[in-house]
Every structure is written in C-alpha cells, then in structure tokens.
Amino acid sequence: MIFDTGLRDYKSTILHFISRYSKIITVNMLGRSHDGTGIYDICLGKPTARKQIVLHAGCHARESLNTCVLMDMLEYFCENYTACRYHGKRFMELFETCAVHFLPLLNPDGAMLSHFGPAGIQNEHLRTEIQKIFESDLQAGYTALEHNEYFRRWKANAKGVDLNRNFDSAFGQYPSRSAPSCENYKGIHPESEPESTALAHLIATLYRAGTLCAVLSYHSSGEEIYWDYGQTGKRRTMESTLVRELSALTGYRLLPEAPDEAGCSDWVSRRLGVFACTIETGKHSAPVPEEELPEITARNMLVPCAAADFFVNHTEA
Ligand SMILES: [Zn+2]
C-alpha cells in the first residue's frame with residue numbers, strides 16, 4: 001500500500017477488502033471521527049467465535065505507519081486463508097476458532113494531520129480550532145517547532161486529546177496538560193472522544209460476551225513490548241509465556257512494568273483483567289520512516305496467528 005495514497009483513500013481500501021474477501025472478513029464501522037471519517041473494525045474469521053482478539057493501530061496521529069502493517073497482515077492472512085498453516089493449523093481453522101479484530105486506523109483525523117497538516121482536515125471549524133491549539137502550545141512552551149514539523153509530530157486526535165490517555169484506568173492520576181494539545185492532554189473524562197469510545201465499546205462488548213482473550217495495541221517506536229501491568233500468580237505465568245513468544249517472533253525486547261495511566265492497555269489489563277500489550281514498532285522516532293515498513297511488517301506478520309494459536313491452546317484463557 002503506497003501510504004499517502006492509501007490514507008487519503010482509506011475508505012476505498014476498506015471497500016476493496018470487503019469485495020475481495022467477503023467470505024473471510026466482516027467489516028463494521030464502530031463510529032466516526034470528529035472530521036466524519038469511519039473507524040473500521042475488520043473481523044478476520046468467525047465473528048461469533050468463542051475466542052476473540054482485538055488488534056489496533058494508528059491511535060497516535062504520527063504512528064499511522066502501523067496502519068499499513070495491519071493492512072498488510074490482513075491481506076496476507078486473507079490471501080493464504082486456506083493454503084497456509086501456523087503450528088500445523090490452517091489459518092482458516094485458527095481464525096474460525098479465535099477471530100481477530102483489526103482496527104487499522106483508530107485516529108484517522110490525526111493521521112491526516114500528521115501527513116498533510118490542517119489542510120488534511122475537511123471541517124473548517126475543526127481546522128480553526130487546530131490552529132488555535134498550535135498557538136496555545138507555542139505560548140505554553142510545549143513546542144518550539146515550526147508549523148509543518150509541529151503537525152508532522154502531532155499525536156492527539158483533531159480535538160487535541162491524546163487518545164491513549166482517554167481510557168478509564170487511573171484517569172485522575174495522569175498528569176495531563178490542562179488544555180487541548182498536540183499530545184499529553186487526556187480530555188475532560190474517560191472515553192470523551194468518538195475514537196476511544198469506538199475501541200472501548202468493542203472491547204467491552206466482547207468482554208461482556210465472555211469471548212475477549214487479548215487486546216494488542218500497536219504504537220511506535222523503540223522495538224519494545226509493554227506487557228507488565230502488575231499481573232500475579234497463574235495469570236502472570238500464562239501471559240509471560242505469550243509475550244515471550246511475541247518477543248521471540250518480533251525480536252522486540254520485553255519491558256518491565258511502567259506507568260500507563262489512562263492508557264488502553266492499562267485499562268484492559270488492570271480493570272478488565274484481560275491480556276493486553278503495547279507493541280512499539282520501528283527503530284527511528286515517530287513518525288517512523290516508510291523505509292522501515294518492510295522490516296516492521298516482516299517482524300510482526302505472524303503476531304495475530306501466534307496470539308490466536310496461544311488462546312486456542314489455552315482453554316482456560
Ligand atoms: Zn503511540
């Protein structure tokens with residue numbers, strides 16, 4: 001997928017996937033961003049499977065290279081659905097037992113901002129508000145970057161809320177900026193934003209149905225995996241087995257427990273008691289250069305089937 005073209009044409013890429021792989025995937029629009037773009041969930045495998053995994057990317061504006069990684073994964077699994085196997089199981093058999101929900105682009109407005117600046121936003125009022133955030137960040141001393149570079153490194157959504165600080169876990173403890181900003185502003189309450197609401201709603205629905213096994217959050221960068229949210233006992237033993245497998249597959253190092261207040265993984269792991277990890281792709285700082293895409297894709301390609309296979313084999317999970 002050529003990235004800039006793919007991003008401007010994200011919806012038609014999704015429609016193309018639907019028409020080509022309609023027997024394998026089920027697509028749902030979970031909500032719309034502030035600028036009106038759909039937030040899509042592409043379920044690979046059987047939507048009614050007893051086990052389900054959620055995998056999402058593009059939460060932070062400048063990290064949308066991972067959107068391409070997830071789309072490439074999806075294409076690979078769809079193209080090889082009946083022909084290829086993982087640990088002896090055909091992909092079809094694996095994903096019919098443990099479905100994987102791909103949310104390739106959680107923050108479409110942010111991705112447009114990072115790639116095209118405010119010109120990438122359709123809504124005129126939003127564009128004006130975004131310009132005000134730039135001025136307020138300059139005044140507060142949060143940035144000294146010139147206009148284009150400031151937006152290239154933007155992390156938040158179009159309203160200046162950092163979506164990975166907008167979840168319902170230790171929300172009060174997060175030392176947030178006091179006003180909308182390019183990063184580190186948590187919003188007025190958990191899930192105040194349509195993008196975080198869309199993801200949280202999907203996760204909560206699967207959780208209540210008793211089918212949610214794991215949530216894997218793709219971010220950048222550092223080639224690292226965060227997974228330690230203070231789990232104990234048998235649960236810790238089981239989850240550490242899975243993350244060691246993911247670390248061996250990707251070559252990414254496992255990190256010790258670190259604060260993640262109001263983050264998605266923190267919410268899923270600490271509040272719901274379900275496996276969560278944050279996978280930080282790329283060697284260079286975000287936005288990770290496109291040249292890294294082939295290596296990132298190669299390292300992460302088998303992550304969805306490794307996770308699915310793990311939960312298929314662990315019936316207690
Ligand atoms: Zn991130």
>> Take T197 and tell me if it is at pLDDT 95 or above, within 30 Å of A140 (Cβ to Cβ) and more than 13 Å from the chain's Cα centre (by Cα).
In response: yes
> Across the stretch 140-182, what is the number of residues that are among the small types (G, A, S) and farther than 26 Å from G230 by Cα?
Replying inline: 9
> From the set of residues in the stretch 253-280 that are small (G, A, S) and crowded, with 16+ Cβ neighbours inside 10 Å, which is farthest from A306 (Cα to Cα)?
Replying inline: A262
> Does Y150 satisfy the criteria of being within 16 Å of the ligand (Cβ to nearest atom) and over 30 Å from I18 (Cβ atoms)?
Replying inline: no
> Does H201 satisfy the criteria of being in a helix (DSSP H, G or I), out of contact with any strand residue (DSSP E or B) (no Cβ under 7 Å at 6 or more places or on another chain) and surrounded by fewer than 22 Cβ atoms within 10 Å (Cβ to Cβ)?
Replying inline: no
> Can you pull out the strands (runs of 3 or more DSSP E) entirely within the stretch 220-317 that have at least 3 residues that are at pLDDT 95 or above and within 16 Å of the ligand (Cβ to nearest atom)?
Replying inline: 224-226, 275-281
>> Of all residues being of a type in the set (S, T, Y) and closer than 22 Å to I203 by Cα in the stretch 221-252, which is surrounded by the fewest Cβ atoms within 10 Å (Cβ to Cβ)? Just the residue, please.
In response: S240
> Is at least one residue of the stretch 148-156 in contact (Cβ under 8 Å) with a residue 12 or more places away in the chain and farther than 21 Å from S220 by Cβ?
Replying inline: no
> So is E261 touching a Gly at 6+ places or on another chain (Cβ under 9 Å), of a type outside the set (F, W, Y) and within 21 Å of E183 (Cα to Cα) or not?
Replying inline: yes
>> Checking the structure you have, find out if any residue of the stretch 20-42 is out of contact with any strand residue (DSSP E or B) (no Cβ under 7 Å at 6 or more places or on another chain) and aliphatic (A, V, I, L, M).
In response: no
> How about the stretch 134-158: which of its residues are outside any helix (DSSP H, G or I) and surrounded by fewer than 22 Cβ atoms within 10 Å (Cβ to Cβ)?
Replying inline: G141, Y142, T143, A144, L145, E146, R153
>> Filter the stretch 228-256 down to the residues that are touching a residue at least 24 places away in the same chain (Cβ under 8 Å), in contact with a Leu (Cβ under 8 Å, 6 or more places away or on another chain) and of a type outside the set (A, V, I, L, M, F, W, C) and list them by number.
In response: D228, Y252
> Yes or no: C182 in contact with a helix residue (DSSP H, G or I) (Cβ under 7 Å, 6 or more places away or on another chain), within 16 Å of the ligand (Cβ to nearest atom) and of a type outside the set (G, A, S)?
Replying inline: yes
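The values are calculated or read from the model by the stated rules, or taken from the named source; none is laboratory data. None of these values were measured; they are calculated from a predicted model. So basically every Cβ, Gly included, is an ideal-geometry build from the backbone, and we count neighbours across all protein chains shown.
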